[in-house]
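The values are calculated or read from the model by the stated rules, or taken from the named source; none is laboratory data. These numbers were taken from a predicted model, which means no experiment stands behind them. Counting neighbours? That spans all protein chains shown, and the Cβs are built from the backbone with ideal geometry, glycine included. In case anyone asks, the SASA skips ligands and DNA or RNA and just uses the protein heavy atoms, side chains included. Shrake-Rupley method; radii C 1.70, N 1.55, O 1.52, S 1.80 Å.
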Amino acid sequence: MSFIEYSDLIQDGDVAIVHLGHNSVTAVKVHHGAQTQTRFGVIRHSTDLIGQRYGSKVTCSKGGWVHVLHPTPELWTVALPHRTQILYTTDIAMVTMMLELKPGSVVCESGTGSGSLSHAILRTIAPTGHLHTVEFHQQRAEKVVEEFKEHRVDHLVTVRNQDVCKDGFGVTGVADAVFLDIPSPWEAVGHAKAAMKKHGGRLCSFSPCIEQVQRTCQALTDRGFEEVRTLEVLLRVHNVRPVTLQLPDFGPDSSSSFSQAPEEAPPSAAPNPAPLKIKTTTLPREMPGHTGYLTFATKPRT
């Protein structure tokens, strides 16, 4: 099992995603002899998981069932243990596109946090790219190193425990793109520029507050970055559901009454038309609001 290569069968030591229901998933480390408790009963790893195909329907001890899925960055984002606030798929998709990431890209990231964006970057730049990620907090840095090894992507990433605003990314002139998710990104713009290749590249900064955006945009302009722009991505899901429409009865056609003979009896009342069944979309009663601002900029060729 790897987050960047698909495997057919569940093996001992894999990280599997157990799908319990709509918007309810959990990550499970598979081990011989281990058990996982769910609201549907116990899942026994040795008999219920190991050797089964990913995507299988597994029956639990109470008779309920779950699906066991192959891990992907999208599933990891909703199942990971939160050590910090994370980026979700809506923002991640915009970041990977606007940074123009592709297989072979070299990316610098700070801070690593819970690793939500890191896994998406690693899948995008595999198999020949590399991620240099910096995390200020020592325990979080150690934990994400452990997770990268479990997910078998550690050969694509270098984790550094340091302050990016003071010490930089630990590399110079190698990055095609830089991502900043720190409280004061304007203090790291100089180090980001130094880490990027001479022929230029793309930079993205994620900030929840507009005051952070203002200072970051000013720092980017002062450092000679071009095409500075800020986006906010809002997701609105339309719910598809069937509805039944009762067609109105407008009575007989009035135009036919003029051609009707005087001695002819009036027609009997027509039955009501059959209801019309269609599918339509409705907006949710609530929708997620502001998550953060994404500021993008381009380092020109030097």
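Numerical summary
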| item | result |
| --- | --- |
| Nitroxide proxy distance, nm - points 7 Å out along Cα→Cβ at residue 42 and residue 6 | 3.4 |
| Directionally averaged projected area (convex hull, Cα atoms, the chain), nm² | 25.7 |
| Carbon plus sulfur fraction of accessible area for region 70-166, probe 1.4 Å, in percent | 54 |
| Chain lengthening between residue 82 and residue 283 when straightened (0.36 nm per residue, less Cα-Cα) | 69.4 nm |
| Sequence-separation-based contact order of region 15-71, relative, with Cα cut under 8 Å and 6+ spacing, percent | 35 |
| Mean Cα-pair separation over length for the chain, i.e. relative contact order, pairs under 8 Å, 6 or more apart, % | 14 |
| For region 1-138: relative contact order, % (alpha-carbon pairs under 8 angstrom, 6 or more apart) | 20 |
| Chain lengthening between residue 100 and residue 69 when straightened (0.36 nm per residue, less Cα-Cα) | 8.3 nm |
| Region 15-71 - accessible surface per residue (Å², probe 1.4 Å) | 51 |
| Pairwise label distance in nanometres, residue 245 with residue 34, each label 7 Å out on the Cα-Cβ vector | 5.3 |
| Proximal charge balance of residue 242 [Cβ under 12 Å; K/R count +1, D/E count -1] | +3 |
| Gyration tensor (alpha-carbon) shape descriptor, region 15-71, a/c threshold 1.5 | rounded |
| For residue 41, residues with placed amide H under 5 Å, excluding near neighbours | 62 |
| Virtual spin-label span in nm between residue 163 and residue 142, 7 Å along Cα→Cβ | 2.1 |
| Cα pair distances in region 100-220, grouped into 10 Å bins until the bin that holds the longest one, percent each | 14, 48, 33, 5, 0 |
| Protection-proxy order for peptides 58-65, 169-176, each taking the mean of Cβ atoms within 10 Å per residue, highest first | 169-176, 58-65 |
| Cut-off 17 Å (backbone N to label point 7 Å along Cα→Cβ of residue 209), residues of region 63-94 | 85 |
| Ranked packing of 130-137, 236-243, 78-85, 146-153, most packed first, by mean Cβ within 10 Å | 130-137, 146-153, 78-85, 236-243 |
